[in-house]
Each structure stands twice: as C-alpha cells, then as structure tokens.
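Asks: One structure follows; several queries about it will come next.
Derivation of every value follows stated rules applied to the coordinates shown; laboratory data play no part. What you are looking at is a predicted structure, and each value in this text was computed from that prediction instead of being measured. All Cβ positions, glycine included, derive from the backbone under ideal geometry; neighbour counts span all protein chains shown.
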Amino acid sequence: MKFLLAPLLSLVLALSATAQAPQAELISVQKIWDKAPHQAFTDLIRFKNLFFCCFREANSHVGGDGIIRILISSTGETWVDYATIEEKGTDLRDPKLEITPDGKRLYMTCGGSVYEGTELKGRRPRYSTSIDGKVWTPTQKLLAEGDWLWRVTVNPADKKFYGVSYNCYPNTGGPKFEPEWSLKSYASTDGSVWQLSSIMKVPGQPNETTMRFLKDGSAMALVRREAGDRKGAIGVAQAPYREWKWTLLNVPLGGPNFIELPDGTLIAGSRGFGATPGAHMVLFKMTATSLEPILELPSSGDCSYPGLCWHEGFLHVTYYSSHEGKTSIYAAKVKLPGVTAP
C-alpha cells in the first residue's frame, strides 16, 4: 500500500491541477475610443490584413443622430480613426460587419431609428458597403418598417447572406411595442433583397440574435429574450434552416455574439452576471445547449456588445463599458489554453 500512495497522490494532484487550469486568460486590454459623450455596440472583423472595429457614437444611449465610427488596426494594439457613416435625421445603431461572399467588400448592417424629441417614430434596418472600409455607399433601407436585422453572416455552403430580424410590433405596426415580438430569419444572395427563411418560435420577446453556420453545415442562433425570465436561448437547425430546435438557458444575455474557432470550439460573448455583482462583459464556452462563463473582462454597468475575431492563436474582443466613468470602447486579447486551434 505504501508504494501505491505516492503515484495515487500524484494522480489526484494532477487531476486537481487540470480541473483548476484557466479556461481563458486575459493577455491585454486597452481603451481605444472615448471621444463622444456615449459610444457603444461594437463589432470586429479582419479584412485585407486589418482589424476593423465599428461602433455607434452619440450623445446618449438612446435618441439623437447616432453615427457609426470605424477604427482600424493591423495588430489589435494601435488603433486609427478611419471612417464614419451617418444618415441625417437618423440614429444609426447596432452596426455589424461581414465580408461579402466574393471576399472583395465589407458589408455593414445597422438599425436606423427616427425620433421626434425622445419619442420613437420609426425603425428599420440599413446597409452600406465598401471596398476598402474608408469610403462607404450611402445607407439603404432593408426589409420592412419595424424590423431590426441585428446581425448578418455568410453561409459558406451556399454563399448567401443570412440574418435574424426581430419586430417589437409585428401585428399592429406600432408605434407602441406589443406584449409579444416576432423573430424571423432571412436570406439574401446580394445583401440588398431579402427573403423570409424561417419563423423562429421563441417566446418571451426575443430580440438581439447572432446566427452562424458551423463547420458541420448546421446553423446555430444565440438569442436575447426581454420578457418572462429574460434568460437567453440557443437554437440549432439543419439545412435548409427552416426548423429550429430551442434550448432555454439559465443566464440572461445582452448583445450576444459567438464564433466557431478553427478546432470547432464555440466561444460566446455577452453582457453577463457572474462572479461579481452587476452586469459585466463575459466570455462563455458554448455548446448547442449551454453557456459556461470562462472570463469576465474589465467592465460594469452599461456594457457588452462584443465583436469577436480569432487571429494568430488569440481571441480578439472589442466591447464597450462604463466602468471607468463613461461608456468607452475597449479592445482585449485573450488566450484560450484549452483550444488547439492554430
């Protein structure tokens, strides 16, 4: 027995060390923009060997004429103010970036809200394109009044754009929000004309949704819910992506985003409520039915809405937070020790 104790103890210690090994390590984080009274709702993409970070800039969280600002960086460390997109009389919000199927252009979607004072009078998605990220086409309207096409992604299998739109007054057409909201996916071959792809039957005022296509050809959607228990949902669908299987989660979401890494690992980012009190920008390990928090980034209060990009073995994250006094834009670099992706 004496001879077995040492190896057994070593095994126990090794297993314990493995169990306690960090799932994510924050390598660096920096504030990259804070020049406006309010800046929020980021996205991040790599295009033509550059990072492009976009976000909304305005006088406050809601209302006014919000504009889209774009910063660029080659390494994710030094950022340069590069471009702005605006539409007179319109609050442009929730900008998201995608690369067109031919790989030649950036495609940006955002919501456009119109106010009379502080009263919302209309809301409809917009899009704009650019060959270099500097000069953008004038914003054009998409879908119908009341729709909010929150994020667009290209399916590598059929080279189509897909996105999920929610509508807060699907039956009356507004202006007052209804008790239940609609959630629908749409598809487009060119990014300008969209067709209904599926009706996503999620209860509890579903809204902000990221939909992506995995290496196995399936689609996955991460959904924020605003009513009921207000906890998020994950949906999975097989081609042609008409029928969705839903799992309700045990955590609320805000600004949800996720990506599949080269080794198949799924990483999500969202406003979360975890180790410390209040709202924070949280990264999660994701499966088809669950979210497990793995890292809380420096943040609090009005925060989240991450952009996620995998580059040269690191996860790059942009987000906004008010933990240093006012909302500002941050860029973080994260190492994922358990990930074998190149």
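Asks: Nearest 10 degrees is fine. How inclined is helix 2-20 to the longest principal axis of the chain, computing both from alpha carbons?
Replies: 10
Asks: For the range 53-70, take each phi angle, set θ = phi - 60°, evaluate the Karplus expression 6.51 cos²θ - 1.76 cosθ + 1.60, and give the result in whole Hz per residue in order, putting x for glycine and proline.
Replies: 10, 10, 6, 8, 10, 7, 7, 7, 4, 9, x, x, 9, x, 10, 9, 10, 10
Asks: For Tyr82, Tyr305, what's the fewest-to-most ordering of other Cβ within 10 Å of each Cβ?
Replies: Result, fewest neighbours first: Tyr82, Tyr305.
Asks: Counting Lys and Arg as +1 and Asp and Glu as -1, each charge on the Cβ, what is the dipole of the chain about the Cα centre in debye, to the nearest 20?
Replies: Working: 37 positive and 34 negative charges, 81 e Å.
About 380 debye.
Asks: Note down the magnitude of the dipole of the range 277-342 about its Cα centre, charges +1 on Lys and Arg C-beta and -1 on Asp and Glu C-beta and zero elsewhere, to the nearest 20 debye.
Replies: 100
Asks: Let me ask something else. Would you list which aspartates and glutamates come within 12 Å of Lys104, measuring only between C-alpha atoms, while excluding same-chain residues fewer than 8 positions from it?
Replies: Filter leaves Asp132.
Asks: To continue, here is another question. Between the range 167-212 and the range 25-83, how many Å separate their Cα centres?
Replies: 27
Asks: Among Glu180, Glu119, Glu77, which one shows the biggest mean-square fluctuation in a GNM of the chain, springs joining Cα atoms closer than 10 Å?
Replies: Glu119
Asks: What pairs from Lys96/Lys134; Lys215/Lys285; Lys285/Lys326 go past 19 Å between their alpha carbons?
Replies: Lys285/Lys326
Asks: Straight-line reach only, C-alpha to C-alpha below 13 angstrom: list the aspartates and glutamates that Lys184 could link to, leaving out same-chain residues fewer than 8 apart.
Replies: Asp147, Glu208, Glu243
Asks: For Asp302, what is the net charge nearby, where nearby means another residue's Cβ is under 11 Å from its Cβ and Lys, Arg count +1, Asp, Glu -1?
Replies: Working: positive: Arg271, Lys326; negative: none.
Here the count lands on +2.
Asks: Same structure, new question: At 222 nm, what helix-only mean residue ellipticity would the chain give, in deg cm²/dmol to the nearest 500, using -39500 (n - 2.57) for each DSSP H run of four or more?
Replies: It lands at -2000 deg cm²/dmol.
Asks: Anyone know which of Ala187, Ala239, Ala332 comes out most mobile in the 10 Å Cα GNM of the chain?
Replies: Per the Cα network of the chain with a 10 Å cutoff, Ala239 tops the list.
Asks: Now for a different question. Near the amide H of Gly254, under 5 Å away, which other amide H atoms are found, from residues 5 or more places off or on another chain, if H is placed in the peptide plane?
Replies: Arg271
Asks: Multiply the residue separation of Glu312 and Asn250 by 0.36 nm, subtract the distance between their alpha-carbon atoms, and state the gained length in nm to one decimal.
Replies: 19.1 nm
Asks: Leaving out same-chain residues fewer than 8 places away, which lysines sit with a Cα under 17 Å from that of Lys176?
Replies: Partners found: Lys121.
Asks: Right, here's the next one. Using a Gaussian network for the chain with springs between C-alpha atoms less than 10 Å apart, which of these wobbles most: Val80, Val152, Val223?
Replies: Val80
Asks: As a footprinting exposure proxy, order Asp34, Asp132 by other Cβ within 10 Å, with the fewest listed first. It would help to have the intermediate numbers written out before the result.
Replies: Details: Asp34 16, Asp132 13.
Neighbour counts put them in this order, fewest first: Asp132, Asp34.
Asks: What label, among (i) 26, 25, 20; (ii) 34, 23, 21; (iii) 35, 23, 16, belongs to semi-axes √(5λ) of the Cα gyration tensor in Å computed from the structure on display?
Replies: So the structure-derived entry is (ii).
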